[in-house]
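Below is one structure, written out as structure tokens; comments come after it.
The values are calculated or read from the model by the stated rules, or taken from the named source; none is laboratory data. These numbers come from a predicted model, not from an experiment. Every residue, glycine as well, gets a Cβ built from its backbone with ideal geometry; the counts of neighbours run over all protein chains shown. With ligands, DNA and RNA removed, areas are computed over all heavy atoms of the protein, side chains included. Shrake-Rupley method; radii C 1.70, N 1.55, O 1.52, S 1.80 Å.
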Amino acid sequence: MSSTPGPAAAAPSQQISCRNCGATTDFEVTANVLRCAFCGSEQVVAQPSDPNRPTPESILSFVIEEEQARAAYREWLGNGFFRPGDLTKSASLREIRAVFLPFWAFDARANTQWTAMSGRHRTSVRQVQTVVNGQSVLRDQQVQETDWFPASGDHVGQYTWELVSASKGLEQAWVDAIEPFNFGELRAYDGKFLLGRGAEEAALDRAQAEDVARKLIEAKEQSECARLVPGDTHRDLRVSTALEDVAAKMIFLPVWLAAFAYKQKVYRFVVNGQTGKVTGEAPMSYLKVALVVGAVALVVLLIIAIVAMLK
Ligand SMILES: [Zn+2]
């Protein structure tokens, strides 16, 4: 029996584990510099790829190619008032790498039972003592009171595409900043998508990711149930959620990871490989910040001076 290896099988790959940020990334051996694509650290350990690691079910392919990613980076670099004037000219782009980030996508049905104390407001009239012209008098005052009674019920929520990041290299805030991804474009996973790209190994297994998804869904159920409590207000809302028909798939999302150096310091940035949206770190011009702070202080002093003169 012989089998024809596909192009993916033909490309030998190795894993790089970063001692600095903890990300493990798969790369083709052709990658010449052993450097973590996420944090730029060279404190990495190389080893052959684990053939048994879980493969994703679906993948979003790269729409933005390297030239476009570089153009998106240059445009992003030029934006922002507080950046140094010579930034676009002086910043030197270090290597830019295409990497797939692992995510778990959960579908589930949530059955939730809730109990709460429901409150109804009513207005009553109370006599209060006040002092009028030095004399103590009784006066009617309207006060709001709340009657509490127990309430309970249930809620069924259908959840799809609850995303849990399994990336260790890229913090959730960075992922949030380059969203959204268009999941309508997802395709069945095929190793050929990885040619010339890196792929980060999932740092969460399915069970760990399900714990995170469960908390996300429970929080959403909590606010759904809060809306169901009758009355004007409520307190002591207690929610118990059970998940049914939980399905999970691992997906790969495309990003460009890169860093640029400016005045001997390295800044990281990331480009959404589907939309070109950029986020990242950038230096600030202390001169510009000082000028703006100075100008604001001057305006404040002027206002104080004018007000003093008008008195
Ligand atoms: Zn790293």
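If you roll a 1.4 angstrom probe over the protein chains with everything in place, what fraction of the accessible area of region 196-311 belongs to carbon and sulfur, to the nearest %? Mind showing how you got there, number by number?
Working: 4070 of 6660 Å².
The value for region 196-311 is 61 percent carbon and sulfur by accessible area.
Calculate how steeply helix 286-310 sits against the longest principal axis of the alpha-carbon atoms of the chain, using the helix alpha-carbon long axis, and give the answer as 0 to 90 degrees to the nearest 10.
20 degrees
Once label points are set 7 Å from the Cα along Cα→Cβ at both Thr115 and Ala247, what is their separation, rounded to one decimal in nm?
That separation, rounded to one decimal, is 3.5 nm.
What spacing in nm lies between the two simple spin-label points modelled at Leu302 and Leu216, each 7 Å away from Cα in the Cβ direction?
With each label placed 7 Å out from Cα toward Cβ, I get 5.0 nm.
Once the convex hull of the C-alpha atoms of the chain is built, how many Å³ does it hold per residue, rounded to a whole number?
Value for the chain: 240 Å³ per residue.
Just to be sure I follow the definition: excluding the sites themselves, where is the longest run in the chain that has none of the GluC sites (Glu not before Pro) in a DSSP loop with at most 16 other Cβ atoms within 10 Å?
Of all site-free stretches, the longest is 172-280.
What order do Val212, Val278 take when sorted by accessible area (1.4 Å probe), most exposed first?
Correct descending sequence by accessible area is Val212, Val278.
What is the extension gain from Glu57 to Ala226, computed as 0.36 nm multiplied by their sequence separation minus the C-alpha to C-alpha distance, in nm to one decimal?
Extending this stretch completely gives an extra 57.3 nm.
Quick check: the angle from helix 206-228's long axis to the longest principal axis of the chain, C-alpha only, nearest 10 degrees?
With rounding to tens, the tilt is 30 degrees.
Placing +1 on the Cβ of each Lys and Arg and -1 on the Cβ of each Asp and Glu in the chain, which of Gln129, Phe103, Gly196 has its Cα farthest towards the positive end of the resulting dipole?
Going by the Cα projections, it comes out as Gln129.
Need the C-alpha centroid separation for region 38-116 versus region 287-311, integer Å.
If you average the Cα positions of each part, the centres end up 43 Å apart.
Using r as the Cβ-Cβ distance of Leu195 and Val45, and R0 as 30 Å, what FRET efficiency do you calculate, to the nearest 0.05?
According to the calculation, E is roughly 0.80.
To test your reading of the geometry: what angle, between 0 and 90 degrees and rounded to tens, separates the Cα axis of helix 66-78 from the longest principal axis of the chain?
Once rounded, one gets 40 degrees.
All other residues with a Cβ under 15 Å from the Cβ of Ala116 taken together, and with Lys, Arg as +1 and Asp, Glu as -1, what is their net charge?
Result for the local shell: -2.
Under a Cβ-Cβ cut-off of 15 Å, what is the net charge of the residues other than Phe183 that fall near it, where Lys and Arg count +1 and Asp and Glu count -1?
Counting the neighbours of Phe183, the net charge comes to -3.
Along the Cα→Cβ direction, 7 angstrom out, place labels at Ser92 and Gln172. What is the inter-label distance in nm?
Each label point lies 7 Å from its Cα, and together they span 3.8 nm.
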